[in-house]
1. Which peptide among 107-113, 79-85 comes first, and what is the full order, when sorted by highest mean count of other Cβ atoms within 10 Å?
2. Run the quick spin-label model on TYR131 and GLU186: label points 7 Å from Cα toward the beta carbon, then report their separation in nm to one decimal.
3. Enter the angle in degrees (range 0 to 90, nearest 10) between the Cα long axis of helix 18-27 and the first principal axis of the Cα atoms of the chain, meaning the one along which they spread out most.
4. Filter the trypsin sites (Lys or Arg not before Pro) in the range 7-72 to those in DSSP coil with at most 15 other Cβ atoms within 10 Å of their Cβ, and list the result.
5. Relative contact order of the range 1-46, please, whole-number percent, based on alpha carbon pairs below 8 angstrom and at least 6 residues apart.
6. Once a ≥ b ≥ c are taken as the square roots of the eigenvalues of the Cα gyration tensor of the range 53-110, is the result rounded (a/c under 1.5), prolate (a/b larger than b/c) or oblate (a/b not larger than b/c)?
7. So what are the ³J(HN,Hα) numbers for the range 154-162, from phi and the Karplus equation (6.51, -1.76, 1.60; θ = phi - 60°), rounded to whole Hz, Gly and Pro as x?
8. So what is the relative contact order of the range 106-212, in percent, for Cα pairs below 8 Å that sit 6 or more residues apart?
Amino acid sequence: MPVNIDIINQRFPLFSEPELKQEIAEKGICKKISKSDSLLDVGSYIKSIPLVLNGKIKVFREDEEANELLLYYLYPGEACAVSLVCTMGNKKSKVKAVALEDSEIVMIPVDLMEHFIRNYRSWYQFVIRTYNDRIDELLETIDSIAFHKMDERLVEYLEKATEATGSNIIKGTHQTIAYELNTSREVVSRLLKQLEKKGLVKLSRNQIELIE
């Protein structure tokens, strides 16, 4: 599917060179991904760099028992730092990426990476900003695991979820939240009930309302 250059302009305003945007439109491959579809998998070589146009992608680690540790989300206008690193080093992916909702991405062939970095300063700046943003998020994740109690991590999770969607309603099961916080459903349910008693959240079926 061809890439609409207008949406490139909207989602990636940092790309200042018209030639860069034209190359992305001509050489990138627009791809639609359904909810729950996998974008990256552990052990796979990455052949293209995904740029997110619409939707939401979850990037996470997973152990042998399918327990998950959330690393970060990808939103429109962003790229996956792990895929950038793996393509430049020709390394296998050590993370998984799954669409949390129906999404649309532009796949940039890896053989264009060196060309883009060499010829387009705004692409280079975009890559550096992507690294910086992801490193900051990973440090926040490490701090949360190392220094925060589970109830604090849960509140942080809910606050980030509402910030990401612009709504104080978080849709999803307690089990989904447990996977992303690398804990049990029972712990999440117990802590949510405690937060509800404190008037911080309102619980209903597959939905949590964060009270401001």
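The values are calculated or read from the model by the stated rules, or taken from the named source; none is laboratory data. Since we're looking at a predicted model, the values are computed, not measured. No Cβ is skipped: glycine too gets one built from the backbone with ideal geometry, and neighbour counts run over all protein chains shown. Areas reflect the complete protein model, heavy atoms only, side chains present, ligands, DNA and RNA absent. Shrake-Rupley method; radii C 1.70, N 1.55, O 1.52, S 1.80 Å.
1. The peptides rank, most packed first, as 79-85, 107-113.
2. Placing both labels 7 Å along Cα→Cβ, they lie 4.5 nm apart.
3. The answer is roughly 80 degrees.
4. Those that pass, being in a loop and sparsely packed, are LYS35, LYS47.
5. 45 percent.
6. Working: a/c = 2.30, a/b = 1.10, b/c = 2.09.
Taking the square roots of the gyration eigenvalues as a ≥ b ≥ c, the range 53-110 is oblate.
7. 5, 4, 4, 4, 5, 5, 5, 5, 6
8. Once normalised by length, the contact order is 19 percent.
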